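**Q** Below you will find the structure I want to go over with you.
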Amino acid sequence: MMQFFGKSVYKGITAGPIMVLKNQADPVRRRSIDNPEAEFERVRTAVIQAKEQLQVLYEKAVKEVGESGAVIFQVHQMMLEDEVFLEAVRSMIQREMVNGEYAAAVTGDNFSEMFAGMDDEYMKARAADIKDISNRLIRILEGRTETEVSFDSPMIVVADDLSPSQTVRMDKEKILGFVTIHGSVNSHTAILARMMNIPALMGVPVDLGRLYTGMQAVVDGFEGNVIFQPDDGQRQQAKRRMAEEKEKLHLLEDLKGKETVTIDGRSICLYANIGSVDDIQTVLENDGEGIGLFRSEFLYLGRDDFPGEEEQFQAYKQAAQRMDGKKVIIRTLDIGGDKQADYFNLEKEDNPAMGYRAIRICLKQPDIFKTQLRALFRAAVFGNISVMYPMITAVEEVKQIFEIGREAGQELEAAKIPYRYPEQGIMIETPAAVMISDELAELVDFFSIGTNDLTQYTLAVDRQNENLDDFYNPHHKAVLRMIQMVADNAHKHGIWAGICGELGADTELTEEFVRMGLDELSVAPSMLLKIRKKVRELNITEE
């Protein structure tokens, strides 16, 4: 028996045989060439083929994990078109008269090492993406196909690390769990594992040489450990706990159609966070009472130019109609930070999380913002749409937003296009917004607390830095007191307040949130029934 601990990505438990995946990348051979222009044309052709492969992966991921999980493959497509990367490959081919695959390998290594050495965790994360796309290019140039990871029966995948493309190409029905030596709980692979509802551990210090395919294991996402070669008692205990978890999921089905209300009659709105229109079906299947966060940036990613007003209008209209009168809160454009689109021409920033992003882009480029607002106001005619604005830090920003909104309405009025001003709120995700929430509450219809950013800004801890996981504490008293302050100030001014960050799905805090008087929790669709169960078991009047 061997037991190791790691960082849990998804809280579940599984048991079964393992498949050991070892990355065995052969060194890329250097060859001399005579025609550098023809050689770089090979690279260009390979880029086109790589983008086609990534599009196939994107479409597969959309079906299996939804738009928000699949967006990484759109990002990889954009990275393949990066002129700095391609120019470096071209320069090496011309300067050293070497083959394209060798130039791509060296350039990929150089760029990856450069990004890995940066202080900013977002840029560090890009190192793995660069390696993934350069390896894809090399495989195509060498005429090799991507290695298929397939198995006849369900297994636990154990690897040094897994790329998003490896993860999504596996047969979801035959993956019992993931265990990796490297990787952050906020990595793209971790996000995919959560969306696939698969128990997964990252950062497990195991020597793959001591393992073999077929070896039995138990992965416990609740305790954050994996046991290789468990004894009979451990295997039987795991089976009992797996049966209990399955029964719990079955019982949750009975909660569909029931109210999210405590024993003593306190009700709370239970909404879902989604990344695109494609995710709405999952919300409906889990009996979501509405959508508390619709990330509109999916319309802007993975393309060469801005989406037009009509395209946006149709997407928002479809969301409103499919939810059939239930509230749909659409967050305006939140590009920047860890979400980049080349055509925005955003400059590289040393600290993108605190840089030119979200509402700051919209206020600096009002034509882009106004196009989105016109689409939203038009779609509001067809359903219960609300709009919320991210990264607010000042009263003046809200006033400027509303002025641009009035101009958008006047333009629609002049064009005789039907529209409606929807309920409008703001995200509270900066300490500044918390401290002036009494003033902000006089201007807007609601608050939605983005606990992910609020926690990292309050604690000065980058939530994507795996070295700081021990310091990132969303249960910190400072964070909870800020949430209470926001709720109190909202209610003093007659507006509602909710949470749309990941903390809303933390069942350890559900009772505290209800006691705080929060009106709404918006969580991942897979967590809706679990939170409803928790709320219905509470009796707040009891001490």
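**Q** Given the structure, is GLY504 among the small types (Gly, Ala, Ser), under 21 Å from THR430 (Cβ atoms) and out of contact with any helix residue (DSSP H, G or I) (no Cβ under 6 Å at 6 or more places or on another chain)?
**A** Yes, satisfied.
**Q** While we're looking at this one, here's another question. Would you confirm whether any residue within the stretch 507-525 is closer than 15 Å to GLU289 by Cβ and in a helix (DSSP H, G or I)?
**A** yes
**Q** Restricting the search to the stretch 470-506, which residues are in contact (Cβ under 8 Å) with a residue 24 or more places away in the chain, touching a Ser or Thr at 6+ places or on another chain (Cβ under 8 Å) and outside any helix (DSSP H, G or I)?
**A** Scanning the stretch 470-506 gives PRO474, ALA497, GLY498, ILE499, CYS500, GLY501.
**Q** Select from the stretch 44-97 the residues that are outside any helix (DSSP H, G or I) and at pLDDT below 75 and list them in ascending order.
**A** Across the stretch 44-97, the qualifying residue is only GLY66.
**Q** If you don't mind, another one. Which of the following residues is β-branched (Val, Ile, Thr) and either more than 23 Å from the chain's Cα centre (by Cα) or open to solvent by 30 Å² or more (accessible area, probe 1.4 Å) (or both): VAL461, VAL535?
**A** One residue alone meets the criteria, VAL535.
**Q** Can you say whether LYS11 is modelled with pLDDT under 85, touching a Gly at 6+ places or on another chain (Cβ under 9 Å), surrounded by fewer than 20 Cβ atoms within 10 Å (Cβ to Cβ) and not aromatic (Phe, Trp, Tyr), as far as the supplied structure shows?
**A** When the stated conditions are applied, LYS11 passes them.
**Q** Among the residues of the stretch 404-424, write down those that are among the aromatic types (Phe, Trp, Tyr) and either at pLDDT below 95 or surrounded by fewer than 16 Cβ atoms within 10 Å (Cβ to Cβ) (or both).
**A** Within the stretch 404-424, TYR421 is the sole residue that qualifies.
**Q** Same structure again: If a residue has to be buried (at least 21 other Cβ atoms within 10 Å of the Cβ) and out of contact with any helix residue (DSSP H, G or I) (no Cβ under 6 Å at 6 or more places or on another chain) to count, how many in the stretch 425-443 make the cut?
**A** Of the residues in that region, 5 qualify.
**Q** Condition (residue is modelled with pLDDT of 95 or more, open to solvent by 20 Å² or more (accessible area, probe 1.4 Å) and more than 19 Å from ALA432 (Cβ to Cβ)) applied to the stretch 384-399: is it met by at least one residue?
**A** Yes, the stretch 384-399 contains at least one residue that is modelled with pLDDT of 95 or more, open to solvent by 20 Å² or more (accessible area, probe 1.4 Å) and more than 19 Å from ALA432 (Cβ to Cβ).
**Q** Which members of the stretch 243-268 meet the condition of being at pLDDT 80 or above, farther than 13 Å from VAL535 by Cα and under 27 Å from the mean Cα position of the chain (by Cα)?
**A** Across the stretch 243-268, the qualifying residues are GLU245, LYS246, GLU253, LYS256.
**Q** Is at least one residue of the stretch 192-199 among the polar types (S, T, N, Q), over 30 Å from ALA379 (Cα atoms) and modelled with pLDDT of 90 or more?
**A** no
**Q** From the list ALA497, ALA478, which one is surrounded by 19 or more Cβ atoms within 10 Å (Cβ to Cβ) and not hydroxyl-bearing (Ser, Thr, Tyr)?
**A** Every option except ALA497 fails the conditions.
**Q** Now for a different question. Name the residue, out of GLU396, GLU439, GLU413, that is under 22 Å from ASN384 (Cα atoms), in a helix (DSSP H, G or I) and among the charged types (D, E, K, R).
**A** Among GLU396, GLU439, GLU413, only GLU413 is under 22 Å from ASN384 (Cα atoms), in a helix (DSSP H, G or I) and among the charged types (D, E, K, R).
**Q** Taking the criterion of being modelled with pLDDT of 85 or more and open to solvent by 40 Å² or more (accessible area, probe 1.4 Å), would at least one residue in the stretch 110-123 satisfy it?
**A** Scanning the stretch 110-123 turns up at least one residue that is modelled with pLDDT of 85 or more and open to solvent by 40 Å² or more (accessible area, probe 1.4 Å).
Yes/no matrix, rows are residues, columns are (1) within 19 Å of ASP287 (Cα to Cα); (2) in contact with a Lys or Arg (Cβ under 9 Å, 6 or more places away or on another chain):
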{"residue": "GLN456", "(1), (2)": "no, yes"}
{"residue": "ASN467", "(1), (2)": "no, no"}
{"residue": "LYS477", "(1), (2)": "no, no"}
{"residue": "ALA490", "(1), (2)": "no, no"}
{"residue": "CYS500", "(1), (2)": "yes, yes"}
{"residue": "LEU509", "(1), (2)": "no, no"}
{"residue": "VAL514", "(1), (2)": "no, yes"}
{"residue": "LYS533", "(1), (2)": "yes, yes"}
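**Q** Is the stretch 19-37 home to any residue that is farther than 30 Å from LYS248 by Cβ and in a helix (DSSP H, G or I)?
**A** Within the stretch 19-37, one or more residues are farther than 30 Å from LYS248 by Cβ and in a helix (DSSP H, G or I).
**Q** Can you pull out the residues in the stretch 222-258 that are of a type in the set (D, E, K, R) and in contact with a helix residue (DSSP H, G or I) (Cβ under 8 Å, 6 or more places away or on another chain)?
**A** GLU253, LYS256, LYS258
**Q** Please give the number of the condition GLY100 fails out of (1) of a type outside the set (A, V, I, L, M); (2) within 30 Å of PHE294 (Cα to Cα); (3) at pLDDT 85 or above.
**A** (2)
**Q** Further question: In this structure, does VAL381 turn out to be in contact with a strand residue (DSSP E or B) (Cβ under 7 Å, 6 or more places away or on another chain) and of a type outside the set (Asp, Glu)?
**A** It is false that VAL381 is in contact with a strand residue (DSSP E or B) (Cβ under 7 Å, 6 or more places away or on another chain) and of a type outside the set (Asp, Glu).
**Q** Criterion first (surrounded by 20 or more Cβ atoms within 10 Å (Cβ to Cβ), within 28 Å of the chain's Cα centre (by Cα) and either part of a loop (DSSP other than H, G, I, E, B) or of a type in the set (S, T, N, Q) (or both)) does GLY183 satisfy it?
**A** Here the answer is yes, as GLY183 does meet what is asked.
**Q** Out of all the residues in the stretch 138-165, which are touching a residue at least 40 places away in the same chain (Cβ under 8 Å) and under 26 Å from the mean Cα position of the chain (by Cα)?
**A** Within the stretch 138-165, GLU146, VAL149, MET155, ILE156, VAL157, VAL158, ALA159, ASP160, ASP161, LEU162, PRO164, SER165 qualify.
**Q** Looking only at the stretch 325-347, count every residue that is assigned to a loop (DSSP other than H, G, I, E, B), open to solvent by 30 Å² or more (accessible area, probe 1.4 Å) and modelled with pLDDT of 90 or more and tell me the total.
**A** 2
**Q** How many of the residues making up the stretch 500-516 are modelled with pLDDT under 90 and surrounded by fewer than 17 Cβ atoms within 10 Å (Cβ to Cβ)?
**A** Residues in the stretch 500-516 being modelled with pLDDT under 90 and surrounded by fewer than 17 Cβ atoms within 10 Å (Cβ to Cβ): 0 in total.
**Q** Quick one: would you say THR107 is more than 26 Å from the chain's Cα centre (by Cα) and hydroxyl-bearing (Ser, Thr, Tyr)?
**A** Spelling it out, THR107 is indeed more than 26 Å from the chain's Cα centre (by Cα) and hydroxyl-bearing (Ser, Thr, Tyr).
**Q** Here is a further query. Looking at the stretch 144-164, which of the residues that are open to solvent by less than 60 Å² (accessible area, probe 1.4 Å) and modelled with pLDDT under 75 is farthest from LEU176 (Cα to Cα)?
**A** The qualifying residue farthest from LEU176 (Cα to Cα) is GLU146.
The values are calculated or read from the model by the stated rules, or taken from the named source; none is laboratory data. Quick caveat: nothing in here was measured; it's all calculated off a predicted structure. So basically every Cβ, Gly included, is an ideal-geometry build from the backbone, and we count neighbours across all protein chains shown. Ligands, DNA and RNA are stripped out before the accessible areas are found, and what is left, the full protein with its side chains, is counted by its heavy atoms. Shrake-Rupley method; radii C 1.70, N 1.55, O 1.52, S 1.80 Å.
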